[in-house]
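Scroll down for the structure; my scribbles are underneath it.
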Amino acid sequence: MTATGSTEVSPHENPPPPPWVMIPWPGAAVALVAVAIMIVASVVAWPEMAVEIVTREADGRHGESVAHRAVTAAAAPSALLGLTVLFSVVLRADHELLKRTPVGLDRSPERARRVLSWTLMGLSVVLVVLHLGLLSLHTGDAYPLENAVAAAGGLLLACLGVAAPLFAPGGSYTGGLERFRAAQGRLYRGAGIALVLAGIATAVAAAFDPWVAMGIAVVSVGAVFVVVGLVAAIRAARKPSE
């Protein structure tokens with residue numbers, strides 16, 4: 001909105017573009033450490049790894065699916081490096097795509113960078129846990145893959161909860177849509193607390209039943225965002241037009 005309170009979109013409200021590379025520190029640092037851990041684990045496990053493992057038995061509808069140890073060793077570290085690079089350039093790409101639309105006005109790249117940083121932290125843990133589990137399939141070592149991934153998913157959810165106060169959407173609209181956007185701001189503080197608690201509950205439940213744990217995570221995320229949307233809509237409807 002303009003300084004006078006008008007809801008008209010002004011081209012002067014468009015913020016300066018972010019840098020072409022905006023690395024989401026400290027999440028990127030955590031990701032690099034995670035990549036190093038995965039590489040070391042792959043090197044250590046390599047001599048004991050079966051060259052190929054069957055991931056899906058053949059039946060009448062499809063053939064046998066196998067995974068080569070080189071693919072298993074490289075997949076998760078490569079994916080995490082790719083995500084780190086993507087998160088470092090996506091903010092400028094987002095700005096270039098949306099700068100001439102109401103969605104692109106009055107937004108903070110720094111807020112978005114911090115959200116990506118927390119997201120990258122959580123994803124780093126998930127991918128390390130998954131990578132170790134996949135290596136164990138090749139080495140034959142006992143590893144509670146489903147429980148560990150579910151617990152890591154709980155940590156990812158908690159990281160998103162910490163970042164949730166930054167989720168409030170930017171942009172500059174008119175009328176009811178602007179009131180709906182503005183009404184969401186403070187709601188994400190409570191949403192963040194709910195997501196952190198849901199992440200903790202997910203991690204605890206993962207020790208007993210990973211499927212129950214993932215169910216808690218999915219239902220919690222859905223419920224939080226539905227509640228935020230409904231409450232914001234009610235508040236926007238009650239607030240008179242400016």
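Filter region 27-44 for residues that are open to solvent by less than 40 Å² (accessible area, probe 1.4 Å) and more than 11 Å from residue 84 (Cα to Cα) and give the result. If the condition is that a residue be open to solvent by less than 40 Å² (accessible area, probe 1.4 Å) and more than 11 Å from residue 84 (Cα to Cα), then 34, 38, 41, 42 are the ones that fit. Tell me yes or no: at least one residue of region 127-143 is under 15 Å from residue 195 (Cα atoms) and assigned to a helix (DSSP H, G or I). Checking region 127-143: not a single residue is under 15 Å from residue 195 (Cα atoms) and assigned to a helix (DSSP H, G or I). Against the conditions (1) within 16 Å of the chain's Cα centre (by Cα); (2) open to solvent by 60 Å² or more (accessible area, probe 1.4 Å); (3) small (Gly, Ala, Ser), residue 142 satisfies every one except (1).
Set side by side, the residues 213, 194 differ, and just one is surrounded by 14 or more Cβ atoms within 10 Å (Cβ to Cβ), more than 17 Å from the chain's Cα centre (by Cα) and not basic (Lys, Arg), which is 213. Evaluate the following for residue 170: is it out of contact with any Pro (no Cβ under 6 Å at 6 or more places or on another chain) and part of a loop (DSSP other than H, G, I, E, B)? Considered against the rule, which asks whether it is out of contact with any Pro (no Cβ under 6 Å at 6 or more places or on another chain) and part of a loop (DSSP other than H, G, I, E, B), residue 170 comes out as yes.
The rows are residues; the columns are (1) farther than 17 Å from residue 161 by Cα; (2) not β-branched (Val, Ile, Thr).
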| residue | (1), (2) |
| --- | --- |
| 177 | yes, yes |
| 189 | no, yes |
| 192 | no, yes |
| 196 | no, no |
| 200 | no, no |
| 212 | yes, no |
| 237 | yes, yes |
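Could you check, for region 114-137, whether at least one of its residues is under 16 Å from residue 18 (Cα atoms) and open to solvent by 60 Å² or more (accessible area, probe 1.4 Å)? Yes - at least one qualifying residue is present in region 114-137.
Considered as a group, the residues in region 63-82 that are of a type outside the set (Ser, Thr, Tyr) and assigned to a strand (DSSP E or B) include one that is surrounded by the fewest Cβ atoms within 10 Å (Cβ to Cβ), and that residue is 66.
Screening the candidates 217, 182, 237 for the property of being in a helix (DSSP H, G or I) and under 20 Å from residue 127 (Cα atoms) yields one hit, 217.
The values are calculated or read from the model by the stated rules, or taken from the named source; none is laboratory data. Owing to the predicted nature of the structure, the values given are computational and were not obtained by experimental measurement. Ideal geometry is used to build each Cβ from the backbone, glycine not excepted, and the neighbour counts take in all protein chains shown. Note: areas computed on protein heavy atoms with side chains; ligands, DNA, RNA excluded. Shrake-Rupley method; radii C 1.70, N 1.55, O 1.52, S 1.80 Å.
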